Amino acid sequence: MSLVRFQHPRYNVNRVLVDELFNNFFNNDYHEGYVKNCERKPATNIFETEKEFKIELLLPGFLKEDVQLIQNENLLTIKVDKEQEESKEEYKYEHREFGAYNFEKQFRLPKTVDAEAISAKFENGILKVLLPKKEEAQAKAPVEIKIS
């Protein structure tokens, strides 16, 4: 007959968290793990004005021809499907923080967006997508009503 040590679940969870903390601290790979998890989604800014929405995506290392914009019903899909370059020399990365990776990002468009007038511009590694609002959705200037 074997004896098995009972470990209370609460203490076990705490031990795992502390072990993970010290392992990450001594390995110093927190930043590398963070970058690996974020490599497939580009940084995005979204703005709104009275007349339009504006989406900016940071896409360094890509060309305009690599990017696809697809609008279907109320879903805007921004996709990059670039073939990975095969290097002739065999390099082993000691530390890697960036690269040009394929991705697909979707945005649900509000009903106030005029889907027929969506436009995009790509310059200096930044994709700017303009989503104009429909006329009826734009804020109108207040009208003064005269009292008789």
Grab every C-alpha pair in the stretch 88-148, bin the distances at 5 angstrom width from 0 up to the longest one, and report whole percents. 3, 10, 11, 14, 11, 11, 8, 7, 7, 6, 3, 3, 1, 1, 1, 1, 0, 0
In nm, what is the difference between 0.36 nm times the number of residues separating Ser119 and Glu90 and their Cα-Cα distance? 6.3 nm
Violations at 24 Å Cα threshold for listed pairs Lys54/Lys134; Lys82/Lys133; Lys51/Lys82; Lys64/Lys92 -> Lys82/Lys133; Lys51/Lys82; Lys64/Lys92
Report, largest value first, the span of the C-alpha coordinates of the stretch 44-134 along each principal axis, in whole Å. 54, 22, 19
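Every read-out reported here was derived from the displayed coordinates using simple, explicitly stated rules and does not represent laboratory data. Predicted, not measured: the structure shown is a model, and the values here were computed from it.
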